Every structure is written in structure tokens, then in C-alpha cells.
Amino acid sequence: MSSRRPYVESPVIMATVRLVAPFVLTYGIFVTLHGASSPGGGFQGGVIAAAVIIMLSFAYGIDLTWEWIDKRVLVGLVGGGVALFGAIALGAVLFGGQFLEVGVYPIPEPDKYGIELVEVGIGMTVAGVVTSLFFTLARGAMPPVGEDGESGRDDEGTAATDGGTFSSEAPGSEETGGDGPVRDGPDAPEGGDRA
Amino acid sequence: MIRTLAIGAFVAAGLFFVCVAAVGVYRLPDLYTRAHSASKSDTLGSLLSLVAVGIAFGADAATIKVALLALFMLITSPTAAHAIARAAHDQGIEPWQRGDER
Amino acid sequence: MIDVGESTLLLAGAVGTVLVSVLLLGRAMIGPTMQDRVIALNVIGSNAVIVIALLAAAFAEPAFLDIALVYALLNFLMSVAISKFTVERGGVL
Amino acid sequence: MITPIEAGLLVFIVATAVMTALLRDVLAAIIVFGGYSLGMAILWIVLQAPDVGLTEAAVGAGVMTVLFLATIARTTRLTGLEATTVDVNLPAAALCVVFVLAVLTTVPALPAVGAGPGENPAFGEISEYYVEEAYDDTHVENVVTAVLVAYRGFDTFGEATVVFAAGVGVLAVLRRGVFE
């Protein structure tokens, strides 16, 4: 088992995902914005947008994708979506309406565009939460560690990323415990109890 | 009338190739031959069915969506089969050879 | 625009595709390897896209095509994810 | 009356559901469960509920499967199992079947689909009002969106907050140095 070459990411999948991802992200935004006139809405659109990130991380490797993502954007999406929703709801009070009465905004067709903005807020939150959930769950997905209570993590960057090749470490390190750079990320002091 | 006939023909052809894909996935001896059947026949079957859908919608904005869908299937379906076969190869699953047990 | 006969034809195609999917479940059940199951699921997913597109035409509801498009995407994601997972059962995830 | 496509889909869905319960390998169960979501979404579309179908497609088939995979990657599983399916406890299964049949006898008591207002509480005046007045009230073509965001805005705001809170809660528990 451990004598096999390390798993290398497939160039075919990478090329396809590179081709498809922009289209899908556009489509997710389309679904979010067109919730008013066709099936869909913020929830579905947010999930589709998050699926783009998940797709990228399956094609290029989860750690690489995680490094590529700006974490502040992620946190901003989660918080900003709810904040946008709340701001729209409260803004209506400012214009003399009631909470969530989006019809009072001084813009053309305030009902429709107010609703669409609310959908955007929902979509942002859902996209952020689903992406964060995926990474929190998946980045713990390391090979089973040995009985020595040492986690398979290491401090020194992702394995083999600077050479431009996308390879994950061979799973043979599952016997050897914590001495291979299997996953990057800081040492979790209590990480051992996950084993 | 011709339109109805065309739709019927394309639906029937699509269904035929989908059936071929299913029978192939069911009957062929090993994983790689099954992946072959799944990717080729099924992609052709779905494209033919989508042509029928496109004819049914006629000259309409929906037909553009159908064309997009067909393009998308054409790209993603073989890639998915590639991913599966590649994972199987990486796992060290040997192809079936003549004389092997099924 | 889409008359009753055409709608019936499209529905018949959808029914046939669903029945084929039921047949494919047998392969998903017996395996024998995990990749066989993923292949069966991939074909079932393609069939689902076809069924939804045919239903969209049969009901004359272009909006349903959106769902077919989402499906095609997620079917691809599902196949790639599971097949990558089958390598060392998540060891390289 | 049940149409052929509904019948086929119901067979498919029940078969996948039973297989999900019976398959011994967790990964196989997840794969078959993906098939269940596919069938379910088509059924929603046949029942003319595209919004629900889209949600089922987006969440059930794609993201749910991926999250399940990420979860079981962190657990240890039995590999090299001899049997494909679990052993069924026959008396318990028989009891379940009897229970399901007993519950199914209550189905005829439900109002028929498409029954007029007054007979069917789900198709009462309120539903009629939404279908007829939603566009005039909100200028939104999709009634589902109108109901979700305009008529029941408070509810949706609460839901968005719940998603936010759940996300923050899970991240706080599972974080373990991921967000650093």
C-alpha cells in the first residue's frame, strides 16, 4: 500500500473545473438575483455559489484552496449577509415604514428590489456558512493517526505546493503518525483526542 | 406533424442509448468497461434527449438554456467518468481480462 | 406551443428513463467495488437531468430547465467528490 | 390518480431509501442516499414545486453528500466487510411494516389533492389570496419568494439568523485552528 506513488491531482478534472467554475458561479448569482421571477432564491443561489468553492477544492486540493481563500471575505459574507438583511429591514423604519416594510424605499419598484436585496443577504450568509462548514469538516479529514496521541498535522506549509505540482501526500503516513507533512495548519494541542 | 415525429424519434433514440448505458453498467464484466459504457452511451443518450427537448421548445429563450445544458453535460459527464476510473486505477484495481471470472 | 401528443411522447421518455434508473440501482446495490456504485450514481444523475429536461418540455415550463442545469453541476460535483474520496477512503481528500 | 412517472419515481425513492438503510458500508449508503435525493427532487418537480426541487437538488444531492463525506473521513470504519447488507432483525422489521401499514390507513381520511376550499385546509382562502394578490402586493412573479420574503419576512429574517447562529456555533465548536 505505502509503496505506491503519491496521489496526484488529475489535470483533466482541473481543466474541466477551471472551465466550468466561472459559469457556475455566475449561475449561482443568477439564481440568487432571479428568485423573484423564477424558481430559486437566496438559499439555493448561496448553496450553488458555495458548491463552486467545494468543486475547486476537490480539483485542486482542499489545503491549496483554503490558502487561496481570503478568510476575511468568508467571515464578511457570513456576517454581512445577516447585517444586510437587518439593515434593509431597519432601513424601512428610517423611511417611515415598519420593520421589513421594503415598499417605502424611494426607488423604482421598491418591493421587488427590496426583496431581491434581502435574497442577496440570505445568499451571502448561506454561501459563507456552507463554505466554512465544508472546510472545518474537511480539513480535519486527515489520515487516521497513530496511537501515540500525536495528530497528523504539521506547521510547515502545504506539501509540494511551491513547485507548481498539485500533489497530496501519500496516505502511507497513516501508520507513521505525525512525522509527515500530511496537512498544514497549526498544531492543535488537543488534536490528539480526535484519533 | 414533422415536429412531433422528430421529437418522437429523438426521444426514442435518447431512451435507446440510455438503455444501452444501463445494460452496459449492469452486464459488463469490470469497472473500467462499465465506466466506458456509462460515459459514452449515456452522454449520447442525454444529448439526443436534449435535442428532443430543444425541438419541443422551438425558437424560444428556453432553447438557449437547453443548448447550455447540453454543452455542460458534454463537458462534465466524461470528466466524471474519468475521475471515477482514475480513482479506481489509483486504488490498484486491475482491469478484467479475457478468461477472468466475471 | 407543445401539443398533447408531443407532451405524451416526452412524458413517455421520462418514464422510460426513470425505469432505467431503477434498473441501475441494482448495480449500486451489488457493487462490488465502491467505484461501481459511483458509476451507477453518475448514470442515475445524468438520467435525472434528462428526466427533468423532458418534464420541463412536457409541462411547457422553461423554469424547470434551471433545475436541470443545477443538477448537471451537482451531479458532476458528487461524482468527483465521491470518486476522490474512494481513494484510500478519504486519505487524500 | 397516480401517473406512471409518479409510480416509477416512488418505486425508485422507496428502493433507494431501503437500500440506504440496508447497506453495510457507510460510503455505499451515502452514495445511494445521493440517488434518493435525485429521485426526490424529480418528484418535487412532477408535483409542480420547482423551488423545493431546486433546494433538494442543491442541498440534498450536492452539499449534503460532500459534508457527509467530509464527516466520515474523520471517522474510522470497518473495511473489508464480508456482507454487503446488514442483518435484518426480522421481528423488528415486521413490527415496523405493521406500524407503517397502520399509519397508512389514515391516508384516506386526508382531503384529496386539489379539493376545493373548505374541504381542504391547505387550499383555503389564505392560499387563494397569496396566489391571486401576490403580484399586485409585491410585484414579484414567483409566489414562493413573495410569501417567503414579503408576507413572512419576520420568519425569513429569523431563519437567516438561525443559519448564521448555527454556522457560528458549529465553527466555534469545530474550529480547532482552522480559522487562523
(message) Would you confirm whether or not the stretch C:33-55 contains a residue that is more than 11 Å from the chain's Cα centre (by Cα), crowded, with 21+ Cβ neighbours inside 10 Å, at pLDDT below 85 and not charged (D, E, K, R)?
(response) yes
(request) Would you be able to tell me the number of residues in the stretch C:59-72 that are surrounded by 24 or more Cβ atoms within 10 Å (Cβ to Cβ) and either in contact (Cβ under 8 Å) with a residue 40 or more places away in the chain or closer than 27 Å to B:V23 by Cβ (or both)? (result) 3
(request) Spot the failing condition for A:E9; the list is (1) in contact (Cβ under 8 Å) with a residue 24 or more places away in the chain; (2) charged (D, E, K, R); (3) more than 17 Å from B:T79 (Cβ to Cβ), and only one is missed. (result) (3)
(request) Evaluate the stretch B:35-56: report whether one residue or more is acidic (D, E) and more than 7 Å from every other protein chain (Cβ to nearest Cβ). (result) no
(message) Exactly one condition in (1) within 7 Å of chain C (Cβ to nearest Cβ); (2) in contact (Cβ under 8 Å) with a residue 60 or more places away in the chain is false for B:I7; which is it?
(response) (2)
(message) All but one of (1) at pLDDT 90 or above; (2) at the interface with chain C (Cβ under 7 Å from one of its Cβ atoms) hold for B:A62; state the number of the condition that does not hold.
(response) (1)
(message) If I filter the stretch C:15-25 for residues that are farther than 24 Å from B:H36 by Cα and not hydroxyl-bearing (S, T, Y), do I get at least one hit?
(response) yes
(message) Any residue at all in the stretch C:6-27 that's among the small types (G, A, S), facing chain D (nearest Cβ under 7 Å) and touching a residue at least 40 places away in the same chain (Cβ under 8 Å)?
(response) yes
(message) Whether any residue in the stretch D:162-171 is at pLDDT 75 or above and either of a type in the set (K, R) or in the same structural domain as D:D51 (by TED's automatic domain parsing) (or both) is what I want to check.
(response) no
(message) Here is a check on your reading of the model: is A:S57 within 14 Å of chain D (Cβ to nearest Cβ), surrounded by fewer than 17 Cβ atoms within 10 Å (Cβ to Cβ) and either modelled with pLDDT under 90 or over 22 Å from D:G53 (Cβ atoms) (or both)?
(response) no
(message) Tell me whether the stretch B:60-77 contains one or more residues that are of a type outside the set (S, T, Y), free of Cβ contacts under 8 Å to residues at least 40 places away in the same chain, part of a loop (DSSP other than H, G, I, E, B) and closer than 28 Å to B:I2 by Cα.
(response) yes
(message) Would you confirm whether or not the stretch B:90-100 contains a residue that is part of a helix (DSSP H, G or I), of a type outside the set (G, A, S) and modelled with pLDDT under 90?
(response) yes
(message) For the condition among the hydroxyl-bearing types (S, T, Y) and either outside any helix (DSSP H, G or I) or touching a Ser or Thr at 6+ places or on another chain (Cβ under 8 Å) (or both), what is the one hit in D:T75, D:T55?
(response) D:T75
(request) Being modelled with pLDDT of 75 or more and more than 8 Å from every other protein chain (Cβ to nearest Cβ) narrows it down to one of D:P121, D:P117, D:P91, D:P111, so name that one. (result) D:P91
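The values are calculated or read from the model by the stated rules, or taken from the named source; none is laboratory data. Just so it is clear, the model here is predicted, and its values are computed rather than measured. We place every Cβ from the backbone using ideal geometry, glycine too, and count neighbours over all the protein chains shown.
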